[in-house]
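Have a look at the structure below, then the notes.
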Amino acid sequence: MTITEIENLSELEVQKMASEDLNIKGFSCYLVDLGEYFGYSIMVFKNNHQIKYANDYALHHPGKTNEECKAWYLERMPNKLFTEEEICEPLKSADDYRAKSDFLTNLYGLQVDYISHFHCWKTEEERQKLLEETKGMYDNPVCFAWMYDKEFVEKHIKLWKTLKEREAHAMENFDYCKSAFLYEMFNHEYGINWQADWDVLSCFCRIEYKDEGTSEYLARTNFSDMQKKAYLAAKSEYFEKTKEW
């Protein structure tokens, strides 16, 4: 099967193929052998919709046996899928925030029918058709889609706002701030990036690009003194960790 064929499988079809089914945080997860290329994989469903971007395939884990793949899936899925109650809990770390943010933006919305904002049209007729199809639907800015279920969209937006409130509270902690800044420094290759401070700081606040140093950039942020110190500490740790690269 191709990836398109796999992602178009219904839950009933997957149930018939599965060797084992698991309930992980309210999501139905099926262990299924998808054949030569994708192998022993895990497929995720909620509300009879495939949460296709949560799936994991043996293709990504060469050399692992079926049992080793299963162990990997069982270890990783609880850090990929979340209950609504977990979204509302205080954040444990910057990694916790990123995992929950990814869940809300890329996975949570897949449990209902939607039309993506990222829709390309080639003609005016196609554009008008899209406008007609989305008429009466509700815009969901969290996952960039139009949806039919107003209550679901409102709940999704509320969960996102709650997560952002938890993040704002966590950013009052020095260690949390430092780890969040350090992650983005590695993510943006801080040491070889000509606009490194702007790229990293733009992940946390809106700031105009200028050709200036770290201290000047920090002076234009809305960061507290503690957050500025955490940024400088993250910068020092970044260069300490990469000095022998």
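The values are calculated or read from the model by the stated rules, or taken from the named source; none is laboratory data. Keep in mind the model is a prediction, meaning the values are calculated, not measured. Quick reminder, even Gly has a Cβ in these numbers, built from the backbone with ideal geometry, and neighbours come from all protein chains shown.
Overview of values
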| quantity | calculated |
| --- | --- |
| Number of the condition not met by Lys100 [criteria: (1) in contact (Cβ under 8 Å) with a residue 12 or more places away in the chain; (2) loosely packed, with under 13 Cβ neighbours inside 10 Å; (3) assigned by TED's automatic domain parsing to the domain that holds Pro141] | (2) |
| Residue list for segment 87-102, filter: outside any helix (DSSP H, G or I) and among the aliphatic types (A, V, I, L, M) | Leu91 |
| Selection within segment 67-77 - free of Cβ contacts under 8 Å to residues at least 40 places away in the same chain and within 18 Å of Leu104 (Cα to Cα) | Arg76 |
| Residue within segment 184-199 that is of a type outside the set (Asp, Glu), more than 20 Å from Phe239 (Cα to Cα) and part of a helix (DSSP H, G or I) present | no |
| Residue in segment 170-182 that is in a helix (DSSP H, G or I) and among the hydroxyl-bearing types (Ser, Thr, Tyr) present | yes |
| Tally, over segment 116-154, of residues that are under 18 Å from Ile51 (Cα atoms) and part of a helix (DSSP H, G or I) | 2 |
| Residues of segment 162-178 that turn out to be within 16 Å of Ala233 (Cβ to Cβ), hydrophobic (A, V, I, L, M, F, W, C) and surrounded by fewer than 17 Cβ atoms within 10 Å (Cβ to Cβ), as a count | 1 |
| Qualifying residue in segment 10-17 (condition: farther than 18 Å from Leu74 by Cβ, hydroxyl-bearing (Ser, Thr, Tyr) and either at pLDDT 95 or above or not assigned by TED's automatic domain parsing to the domain that holds Gly109 (or both)) | yes |
| Some residue of segment 59-74 being among the charged types (D, E, K, R) and under 17 Å from the mean Cα position of the chain (by Cα) | no |
| Tally, over segment 125-147, of residues that are within 23 Å of the chain's Cα centre (by Cα) and not hydrophobic (A, V, I, L, M, F, W, C) | 4 |
| Number of positions in segment 204-226 that are free of Cβ contacts under 8 Å to residues at least 40 places away in the same chain and either surrounded by 13 or more Cβ atoms within 10 Å (Cβ to Cβ) or aliphatic (A, V, I, L, M) (or both) | 9 |
| Condition check for Lys178: within 24 Å of Ser93 (Cβ to Cβ), over 25 Å from the mean Cα position of the chain (by Cα) and touching a residue at least 40 places away in the same chain (Cβ under 8 Å) | no |
| Residues within segment 83-100 that are within 16 Å of Met171 (Cα to Cα) and among the hydroxyl-bearing types (Ser, Thr, Tyr), tallied | 2 |
| Single condition Thr105 does not satisfy, out of (1) assigned to a loop (DSSP other than H, G, I, E, B); (2) out of contact with any Leu (no Cβ under 8 Å at 6 or more places or on another chain); (3) in the same structural domain as Lys161 (by TED's automatic domain parsing) | (1) |
| Leu159 within 30 Å of Ile115 (Cα to Cα), modelled with pLDDT of 95 or more and not β-branched (Val, Ile, Thr) | yes |
| Close pairs from segment 45-66: first free of Cβ contacts under 8 Å to residues at least 12 places away in the same chain, partner hydrophobic (A, V, I, L, M, F, W, C) and in a helix (DSSP H, G or I), Cβ under 6 Å, at least 6 apart | His61/Cys69 |
| Residues satisfying the stated conditions in segment 114-138, i.e. touching an Asp or Glu at 6+ places or on another chain (Cβ under 8 Å) and either over 26 Å from Glu167 (Cβ atoms) or assigned by TED's automatic domain parsing to the domain that holds Asn48 (or both) | Ile115 |
